[in-house]
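The values are calculated or read from the model by the stated rules, or taken from the named source; none is laboratory data. Values in this document were obtained by computation on a predicted structure and should not be read as measured data. Don't worry about glycine lacking a Cβ; one is built from the backbone with ideal geometry, like all the others, and counts go over all protein chains shown.
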Amino acid sequence: MFTGLVTDVGKVRKAEHRNGLTRFEVESGYPLDDIAMGASIMHSGVCLTVVDMGQGERGAWFAVEAIPETLAKTVLGDWNEGARVNLEQSLKLGDELGGHFVFGHVDGVGEIVSIEDEGQSRRITI
């Protein structure tokens, strides 16, 4: 589970398609010791599992994989090398619950039907 609060902005350093999956390598500001194989990390609202990790010239990186359905129903399908990605590591027992519970499991696609300016905000109807 996640809070929905972004804790880092990562950068896609590599995106490659193989064996029906798309593998993304993401550079992050998270210390390598804080990333575990099999860990769940939220990527711009989508929960993905760490399948590889390492230390690069600019800091830690980790790899995740996405299936075609995930690419079709999320912004991940638009990611290329250099894309900026909002990140959040999963909640741990004792973490502050400053946001709200988010699971990151995508099960549908909405359509924006209207956008209305309201002062310094916008109301988006989906």
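Computed quantities for the displayed model
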quantity: Any hit, the stretch 27-34, residues being under 15 Å from the mean Cα position of the chain (by Cα) and closer than 13 Å to Glu65 by Cα; calculated: no
quantity: Close pairs (7 angstrom Cβ cut-off, 6 or more residues apart or separate chains): under 20 Å from Met53 (Cβ atoms) and polar (S, T, N, Q) in the stretch 1-23, in a strand (DSSP E or B) and modelled with pLDDT under 90 anywhere; calculated: Thr7/Glu88; Thr7/Gln89
quantity: Strands (runs of 3 or more DSSP E) within the stretch 1-96 that include 1 or more residues among the hydroxyl-bearing types (Ser, Thr, Tyr); calculated: 21-27, 40-43, 46-56
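Rundown of residues vs (1) loosely packed, with under 13 Cβ neighbours inside 10 Å; (2) closer than 11 Å to Phe62 by Cβ; (3) out of contact with any strand residue (DSSP E or B) (no Cβ under 7 Å at 6 or more places or on another chain), yes/no style:
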position: Asp8; (1), (2), (3): no, no, no
position: Lys11; (1), (2), (3): no, no, no
position: Arg18; (1), (2), (3): yes, no, yes
position: Thr22; (1), (2), (3): no, no, no
position: Glu25; (1), (2), (3): no, yes, no
position: Ser28; (1), (2), (3): no, yes, no
position: Pro31; (1), (2), (3): yes, no, no
position: Met37; (1), (2), (3): yes, yes, no
position: Ile41; (1), (2), (3): no, yes, no
